[in-house]
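Comments concern the structure below.
Read the figures in this text as sums done on the coordinates, not as results from a lab. Source: prediction; values computed, not measured. All Cβ positions, glycine included, derive from the backbone under ideal geometry; neighbour counts span all protein chains shown.
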Amino acid sequence: MAINFAILGTGRVANNALAPALNQANGATLWSVLSRSRERAEAFAHRHGAAGGEKAYTDLAALLADPKLHAVFIASPDGLHCEQALAAAKAGKHVLTEKPMGTSRQACQAMVEACDEAGVRLGVAYHMRWHSGHRRIAEMAASGYFGDLRHVRVHWSWPAPDASNWRAGEEIGRWWSLAGVGTHCLDQIRWLLLPTQGEVAEMSSTIARNVFKGPRDETALLGFRFENGATAQLCSSVLWDAPKRMEVYGTRGYALLDDTLGLHGRGRIFTHEGPLQFEPCNPYVGEIEDFVAAVRENRPPEVDGEEGLRNVELLLHAVE
Ligand SMILES: NC(=O)c1ccc[n+]([C@@H]2O[C@H](COP(=O)([O-])OP(=O)(O)OC[C@H]3O[C@@H](n4cnc5c(N)ncnc54)[C@H](OP(=O)(O)O)[C@@H]3O)[C@@H](O)[C@H]2O)c1
């Protein structure tokens, strides 16, 4: 039996990535959708072929009352994730939430506890872990192909046209560049380094907000030292367009990943031995299939609430 998902929100990621991936993933069905506007909910449900009896909702409680619904995929602004996750857990629905998981430590902790108490799964959607090239690099790093890991560097920016996006404001966002893309960079760093390097032992942060002059980070430069000595650096920004870049350095070799970060599963990867071949795939499909397997096998998803919470703690530390 497939796991029936409701998407909460009809914005960019829901429309461009999550609904198509739910339709592609094995074991998942796009069942229903929540919007603040009935028209938008109906158009979204129609466009993506939602399968529920009633499929377009403007009221979360009504959506969650559907006994055939098994899980929600939260794709609303960051500051709304917690309230929606708590309601879903209370209704006995599994929760896969977009990143960052919440905008405060307390909110993330409450999400972890509510899902634990309700006996439902909680996953955080860091889709880059299912980019097939990134998975190859993570496996190679774990097997010692690069020797002892010494440094990881990630750069991801995009040019925001103005500061009208909710991320740039005070109400439902907490970070701008860090929430848009920096949190993914941090997740990649942690994914690669935690297994051999232990936890983050020390962190530095430089935040710039002097172009749009709003309350949130426009450019963030974060530096990390891990317990076992490796270092890492991330740069996220809303101020320029450039190829996305990730670099992994070890005592026996290195990997350079060009334009692999993003919604797509493509890009180019080179190691010290030359180009690395990989089969491009839709990373959101792998993310959903892992969550479906977690529900079925009664195990935590690959990125669980605790890891989502740790990521948020570091993002908070960066700006506080
Ligand atoms: N993993 C990824 O690749 C990825 C990529 C982009 C974003 N994200 C994450 O996904 C979430 C949504 O981001 P997005 O870029 O899709 O944002 P977005 O385009 O602004 O969409 C958010 C949607 O949430 C709904 N919403 C409910 N209350 C809202 C409110 N008060 N203000 C604004 N929207 C509200 C809206 O749908 P209705 O108008 O229909 O109510 C809106 O379209 C964020 O947590 C973000 O970090 C993840």
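What to note about this one:
- Lysines whose Cα lies under 22 Å from that of LYS93, excluding same-chain neighbours fewer than 8 positions away: LYS55, LYS68
- Relative to one another, the C-alpha centroids of the stretch 46-104 and the stretch 226-298 are positioned 28 Å apart.
- Loop chymotrypsin sites (Phe, Trp or Tyr not before Pro), the stretch 214-272 (other Cβ atoms within 10 Å of the site Cβ: 11 or fewer; DSSP): TRP240
- Sparse-neighbour loop sites [trypsin sites (Lys or Arg not before Pro); the stretch 181-228; at most 14 other C-beta within 10 Å; DSSP]: LYS213
- Degrees, to the nearest 10: 132-142 long Cα axis against longest axis of the chain: 50
- Candidates per GluC sites (Glu not before Pro) in the stretch 155-223, loop by DSSP, up to 14 other Cβ within 10 Å: GLU170, GLU171, GLU199
- On Cα atoms only, tilt of 305-319 relative to the major axis of the chain in degrees: 60
- For the chain, built as a Gaussian network whose Cα springs stay under 10 Å, the top-fluctuating residue of SER104, SER143, SER32: SER143
- Helical contribution to [θ] at 222 nm, DSSP H n ≥ 4, -39,500 (n - 2.57), averaged over the chain, rounded to 500: -9500 deg cm²/dmol
- Put simply, the Cα atoms of the stretch 1-137 extend 36, 36, 29 Å along their principal axes, the longest span coming first.
- Phi to ³J(HN,Hα) by Karplus 6.51 cos²θ - 1.76 cosθ + 1.60 over the stretch 6-16, Hz, x for Gly, Pro: 9, 9, 9, x, 10, x, 4, 6, 4, 6, 7
- Taking amide H atoms as placed 1.01 Å from N in the peptide plane, the amide H of ASP148 lies under 5 Å from those of THR251, ARG252, each 5 or more residues away in sequence or on another chain.
- Residues considered: ARG167, ARG252, ARG105. Largest GNM mean-square fluctuation over the chain, using C-alpha springs under 10 Å, is found at ARG252.
- Nonlocal amide H pairs with GLY123, under 5 Å, H built at 1.01 Å: VAL95, LEU96, THR97
- Degrees separating the helix 81-90 axis from the principal Cα axis of the chain, which is the longest one: 50
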